[in-house]
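Worksheet: one structure, shown below.
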Amino acid sequence: MKTQFRTDITVGDICQGFYYNTHEGKGLNGWGGKLVIQPEYQRNYIYANGKDDVAVVDSLLKKYPIGLIYFLKVGEDKYEVLDGQQRITSFGRFVTGQLDVLDTNGMPHKFDPALHGWLLKTPLTIYICEGEGDAPEAEIKAWFKTINIAGKPLNEQELLNATYSGPFVTVAKAVFSNSSNSNRQKWAAYVKGDLKRQAILAEALRWVSKGNVEEYLKDHRYDTEITELQTYFDSVIAWADSVFKERRDEMCGLDWGRLYETYHCRPYNPEQVQKRIDALFADADDGKIKQKANIFEYVLGGESDPKLLKVRIFSPEIARKVYKRQTDEAKVKGISNCPLCAVGHVANTTRLYDFTEMEADHVTAWSRGGDTSEANCQMLCRTHNRAKGNC
Ligand SMILES: [Zn+2]
């Protein structure tokens, strides 16, 4: 099978001569007559539901990628859509005024050349496949089935590698996607995912580019070395290694690039860091901390942001008990069952809230040693609890 990767064909090209049959719900032809959009073996157009079709156009309007499209070459300058029919039909309908999309105010509007003309110049990412041998078409279709149905469609990084193929990606893959790399184990402690499916490379690119991976690949596509990418990645890992003496499963998959950027200039004593980590994980095992993975950042930040840990919430049983006690007392005294309302200067000083109008609050904040027990629980009206803010 021969394949050709094209990024020069635009939305406008494909929409030339686009014809959509409303009656049959089919987008039939495009690309100036060279393309059959819905060949017989394709499933029907199922995006015409005002949601999926609009989402395709929305993605294009927001300049998001809409994914790879596969064409099958069936003759001299003749093609059929193998995969992408739903997407092509959606934008084709929009461009030909047969599909309205909602603007930011939620108002439906049609394709307007003055407003959306640029859309026609948007390039698509298209693989053109051509079968070889005795039954070329059968070969292609069999292959298509394996990639699309049984198999795994290309993930984001694989797609980017294809789109920006060149010396940079080649060298980068040799380092970060190489199963015989001796750093593999070490990396796996910090980065989740399958190296063969580009998980490490994806993360390395995300860190060095501060999230602008595509821009970064575009800029470096023809570089023959990856010094910056590699140095940055190594620095992040080395820093994490130096601050945390022991590796824990929860470290894997954290946003180490961001943590490095935020905290790497601060001094740490690894012994003390480890002590605090251990103590906090013990708390987590006791159920006091919900967000275990954030313990690392909590310690890096000098334990100043307890919100990171999502301290355990009070059980409904405790909340009910405290609610009853507070409400009974409030009725006797003729004051509000929200202790903060009771001492306030507003109209709510005698208001009795329903259970559902109140929330359980830590009297002594967890960050100051207060625990999640009945003795440390008070019910506050929602307004006061949210105003109090901390846990
Ligand atoms: Zn209140």
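The values are calculated or read from the model by the stated rules, or taken from the named source; none is laboratory data. Predicted, not measured: the structure shown is a model, and the values here were computed from it. Note: ideal-geometry Cβ built from the backbone for every residue, glycine included; neighbour counts use all protein chains shown.
Looking at (1) exposed (fewer than 12 other Cβ atoms within 10 Å of the Cβ); (2) over 34 Å from the mean Cα position of the chain (by Cα); (3) not in a helix (DSSP H, G or I), which is the one condition that is false for Gly302?
All conditions pass for Gly302, except number (2).
From the list Glu297, Glu261, Glu271, Glu250, exactly one residue is part of a helix (DSSP H, G or I), surrounded by fewer than 18 Cβ atoms within 10 Å (Cβ to Cβ) and in contact with a helix residue (DSSP H, G or I) (Cβ under 7 Å, 6 or more places away or on another chain). Which is it?
Only one candidate passes the filter, namely Glu250.
Go through the stretch 254-281 and give me each residue that's closer than 12 Å to Val243 by Cα and polar (S, T, N, Q).
Of everything in the stretch 254-281, those that are closer than 12 Å to Val243 by Cα and polar (S, T, N, Q) turn out to be Asn269, Gln272, Gln274.
Which ranges mark the helices (runs of 4 or more DSSP H) fully within the stretch 63-166 that have 3 or more residues being at pLDDT 85 or above?
Where helices (runs of 4 or more DSSP H) fall fully within the stretch 63-166 and carry at least 3 residues being at pLDDT 85 or above, they are 85-95, 113-116.
Among Glu250, Glu214, Glu225, which is touching a Leu at 6+ places or on another chain (Cβ under 8 Å) and outside the structural domain of Arg6 (by TED's automatic domain parsing)?
Within the list Glu250, Glu214, Glu225, the selection yields Glu214.
Which of the residues spanning the stretch 354-391 are hydroxyl-bearing (Ser, Thr, Tyr) and in contact (Cβ under 8 Å) with a residue 24 or more places away in the chain?
The answer is Ser367, Thr372, Ser373.
Take residues that are away from the ligand (no atom under 14 Å from the Cβ) and tell me which of the helices (runs of 4 or more DSSP H) falling wholly in the stretch 312-391 contain 1 or more.
316-333
Residues are listed down the side, and each one gets a yes or a no for (1) at pLDDT 95 or above; (2) under 27 Å from Leu159 (Cβ atoms); (3) over 24 Å from the mean Cα position of the chain (by Cα):
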| position | (1), (2), (3) |
| --- | --- |
| Leu201 | yes, yes, no |
| Ile237 | yes, yes, no |
| Cys252 | yes, yes, no |
| Tyr263 | yes, no, no |
| Lys275 | yes, no, yes |
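Here is a yes/no grid of residues against (1) basic (Lys, Arg); (2) out of contact with any strand residue (DSSP E or B) (no Cβ under 9 Å at 6 or more places or on another chain); (3) buried (at least 19 other Cβ atoms within 10 Å of the Cβ); (4) farther than 17 Å from Asp328 by Cα:
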| residue | (1), (2), (3), (4) |
| --- | --- |
| Gly344 | no, yes, no, yes |
| Thr349 | no, yes, no, no |
| Met358 | no, no, yes, no |
| Val363 | no, no, no, yes |
| Gly369 | no, yes, no, yes |
| Cys381 | no, no, yes, no |
